[in-house]
Structure formats: structure tokens, C-alpha cells
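A.B. asks: Just passing along the structure, written as C-alpha cells.
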Amino acid sequence: MTKTNALRMLESAGVRHTVREYDVSDGKIDGVSVARKLGQDPERVFKTLVATGKTKGINVFVIPVEYELDLKKAARAAGDKYVEMLKSSELEPQTGYVHGGCSPVGMKKAFPTFIEETATLHETINVSAGHVGLQMELSPEDLAKVTSAVFENLV
């Protein structure tokens, strides 16, 4: 198994988590497919989206895989006039992660992070562990603590 920055950070912070690998050979790495491969309810599998704002710069949004980020709600949460998704070509240089393997934990720089408030309805949620084919399960509260995130209505 690949040891990622995200996993190293959780381990050094003493955060309890479970790592799960899934098969990517079929090319299906969209969130709902990942949830199925993990045998998890899609409401407990979250994707990491990176957006940039007009005045505040880059922000990270963590939402359930079945939903789309509401850009107006995201901008409001970030305290910005508007936000737009970061271009795919900018993702790795800014975060250190590639599309489909972007974790909210262990990015190159600590960006303001917002987690969809429905995450708190679950004892644990799954997010990318920083590599395509790798997920980590942890409590939403631990994820918020390790990323200095706040819970917001984002979808």
C-alpha cells in the first residue's frame, strides 16, 4: 500500500482511521463508483473539491460524492464574492495531489477547508487518502480537526 502525505499526517496526529484500497483497473474513479467498490453508502463517501475565489484565493470543499458543490454557498462559506473550480492542470501544482486522488489532508499548503455539514450525521466518513485507489475512513470531527475545517451547508 502507498504511504501518502494524508496517511502520514493522520498517523502523526494520532487520528484513528481505516485505509481501504479499491480497484481502478476498470477506469471508474468517480465518487459513486468508488462508494460501490468500497461497499459504502454514497452519503458516507466524500469528494474533495478545490476552488479559487475572487479575493480569498484557494479553498477546499469536502462534499458527499452524489452531490454537486453549490458555488454560491461555497463562496458564502469562504467569505468571497464567488468561487470557481480550480483548473485540473493547476490541481497538482497547488495541492500535490492529482484528480481522483485529492485528499483534504496533507496538501502542499494548508488551505481554508469546509466540510458539508451533513458529514456530522455519520460516525465516520470516507475521503481520499491522497492516491487514486486509496480511501481513508475517519470521524468527521477528526477530519475537521486535522484540516482546521469548519462544517457548512455546501450542497
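A.B. asks: Please give the calculated 222 nm ellipticity per residue for the chain, where each DSSP H segment of at least 4 residues contributes -39500 (n - 2.57) and the sum is spread over every residue; nearest 500 deg cm²/dmol?
C.D. replies: On the way: 5 runs with 41 residues, N = 155.
Rounded to the nearest 500, the figure is -7000 deg cm²/dmol.
A.B. asks: Taking the alpha-carbon distance from LYS72 and a cut-off under 18 Å, which aspartates and glutamates remain once sequence neighbours fewer than 8 residues away in the same chain are dropped?
C.D. replies: Hits, sequence-local ones excluded: ASP80, GLU84, GLU116, GLU117, GLU152.
A.B. asks: If you don't mind, another one. How far is it, in nm, from the label point at GLU92 to the one at ALA110 when both lie 7 Å from their Cα along the line to the Cβ?
C.D. replies: 2.7 nm
A.B. asks: Using only Cα atoms, locate the centre of the stretch 78-101 and the centre of the stretch 115-152, then give the distance between them in Å, rounded to an integer.
C.D. replies: Using only Cα atoms to place each centre, the spacing works out to 18 Å.
A.B. asks: Using only the Cα atoms of the chain, what semi-axes does the equivalent ellipsoid have when each is the square root of 5 times a gyration tensor eigenvalue? Give whole Å, largest first.
C.D. replies: Values: eigenvalues 97, 53, 51 Å².
Taking √(5λ) for each eigenvalue gives 22, 16, 16 Å, largest first.
A.B. asks: Stretch GLU66-ARG36 to full length: gain in nm at 0.36 nm per residue minus the Cα-Cα span?
C.D. replies: On the way: separation 30, 0.36 × 30 = 10.80 nm, distance 1.18 nm.
Roughly 9.6 nm would be gained on extension.
A.B. asks: Between ALA119, ALA13, ALA74, find the one with the highest GNM mean-square fluctuation for the chain; connect C-alpha pairs within less than 10 Å.
C.D. replies: ALA13
A.B. asks: Right, next: So which trypsin sites (Lys or Arg not before Pro) in the stretch 65-112 end up in coil per DSSP with only 12 or fewer other C-beta atoms within 10 Å?
C.D. replies: On the way: sites: LYS72, LYS73, ARG76, LYS81, LYS87, LYS108, LYS109; in loops: LYS81, LYS87, LYS108, LYS109.
Here the trypsin sites (Lys or Arg not before Pro) that fit, given the DSSP loop and packing criteria, are LYS81, LYS87, LYS108, LYS109.
A.B. asks: Pairs to check: LYS3/LYS28; LYS28/LYS87; LYS28/LYS81; LYS37/LYS81; LYS37/LYS73. Give those whose C-alpha atoms are more than 27 Å from each other in this structure. It would help to have the intermediate numbers written out before the result.
C.D. replies: Details: LYS3/LYS28 22 Å; LYS28/LYS87 21 Å; LYS28/LYS81 34 Å; LYS37/LYS81 38 Å; LYS37/LYS73 30 Å.
Among LYS3/LYS28; LYS28/LYS87; LYS28/LYS81; LYS37/LYS81; LYS37/LYS73, the Cα-Cα distance tops 27 Å for LYS28/LYS81; LYS37/LYS81; LYS37/LYS73.
A.B. asks: Please report the antiparallel percentage of the DSSP beta bridges confined to the chain, to the nearest 5.
C.D. replies: Working: 19 of 26 bridges.
In the chain, approximately 75 percent of DSSP beta bridges are antiparallel ones.
A.B. asks: May I pose another question? Among VAL60, VAL83, VAL24, whose mean-square fluctuation peaks in a Gaussian network model of the chain (Cα, cutoff 10 Å)?
C.D. replies: VAL24
A.B. asks: If you don't mind, another one. I need the calculated FRET efficiency for the pair HIS122 and THR55, taking r as the beta carbon distance and R₀ as 25 Å, to the nearest 0.05. Don't jump to the answer; show the numbers that get you there.
C.D. replies: On the way: r = 33 Å, r/R0 = 1.32.
For R0 = 25 Å, the calculated efficiency reads 0.15.
Coordinate-derived values only; no laboratory data. Treat the numbers as computed from the prediction; the structure is a model and nothing was measured. When we count neighbours, we look across all protein chains shown, and the Cβ atoms used for this are built from the backbone with ideal geometry, even at glycine.
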